[in-house]
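We did not get these values from a lab; they are worked out from the coordinates using the rules stated. All figures in this text were calculated on a predicted structure; none of them were measured in a lab. Virtual Cβ from ideal backbone geometry, glycine too; neighbours counted across all protein chains shown.
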């Protein structure tokens with residue numbers, strides 16, 4: 001049994017994770033614990049506050065007690081809003097707190113793109129434009145070319161959590177532009193696990209989403225690879241050998 005730990009700021013698309021666990025169809029468990037989440041708003045300063053060591057510590061003990069072997073911080077905006085260097089320091093602090101390998105969903109997007117050999121990606125975000133721009137900057141710092149961004153302008157995670165399949169598909173299509181190798185949907189409040197096959201069929205390219213990438217990143221930290229086609233191209237490709 002491989003036990004993965006996911007830290008979430010509040011109840012962001014929580015039911016995606018048991019669905020993914022079921023679709024993996026293997027000896028993998030995904031444990032969720034919540035951190036502090038005082039205010040549901042997409043303000044940059046507020047999101048930065050969700051990723052402090054004090055906030056992250058609130059969920060770490062629960063993951064240790066559950067027997068998690070790795071931990072991924074799924075508050076994407078509370079990671080990439082600090083920039084590449086700030087997010088790296090945050091992950092190092094989380095690893096020290098948890099006593100296990102740690103990462104964040106933000107880094108998961110970059111690592112997943114690299115594993116699939118992707119260089120040119122587009123972003124479809126429910127976020128306001130300023131936050132979407134910060135995510136695009138984070139991807140560029142990770143060596144990716146961002147071909148375009150699309151912002152839905154939602155100011156709370158609760159709003160994103162109400163979106164259904166058609167809303168998510170519309171956003172992904174709006175973000176897609178010629179020459180894009182993949183579309184990234186970074187909001188962890190979006191329910192996407194049930195829609196991945198449809199999204200990739202509609203766009204004819206890989207689609208990476210927050211909950212999908214979060215679990216994949218936890219597996220990467222645990223040195224596990226699982227073939228699960230219903231979870232998209234990311235879960236059907238053999239890992240590339242990095243130069």
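Taking 7 Å steps out from each Cα toward its Cβ at residue 26 and residue 225 produces label points 1.0 nm apart.
Taking the fewest neighbouring Cβ atoms within 10 Å as the starting point, the ordered list for 1, 100 is 1, 100. With the simple model of a label 7 Å out from the Cα in the direction of the Cβ, residue 140 to residue 61 spans 4.2 nm. The modelled label-to-label distance for the pair residue 130/residue 34, using points 7 Å beyond Cα in the direction of Cβ, is 2.7 nm.
Averaging sequence separations of C-alpha pairs under 8 Å and six or more residues apart, then dividing by the length of the stretch 112-208, give the relative contact order as a whole percent. For the stretch 112-208, the relative contact order is 33 percent.
Highest mean first, the peptides 119-130, 161-172, 216-227, 188-199 sorted by other C-beta atoms within 10 Å per residue fall in the order 188-199, 119-130, 216-227, 161-172.
Using C-alpha pairs under 8 Å with a sequence gap of at least 6, the mean separation divided by the residue count of the chain gives a relative contact order of 23 percent.
What is the stretch 112-208 by shape, rounded, prolate or oblate, if you read a ≥ b ≥ c off the alpha carbon gyration tensor as root eigenvalues and call it rounded for a/c under 1.5, prolate for a/b larger than b/c, and oblate otherwise? Judged from the Cα gyration tensor, the stretch 112-208 comes out oblate (a/c at least 1.5, b/c at or above a/b). Measuring r between the beta carbons of residue 52 and residue 156 and using R0 = 25 Å, the FRET efficiency lands at 0.75. Note on residue 15 and residue 170: with the Förster distance fixed at 25 Å, the Cβ-Cβ geometry gives a FRET efficiency of about 0.70. Once you sort the root eigenvalues of the Cα gyration tensor of the chain as a ≥ b ≥ c, which label holds: rounded (a/c under 1.5), prolate (a/b larger than b/c) or oblate (the other case)? Note, shape of the chain comes out rounded.
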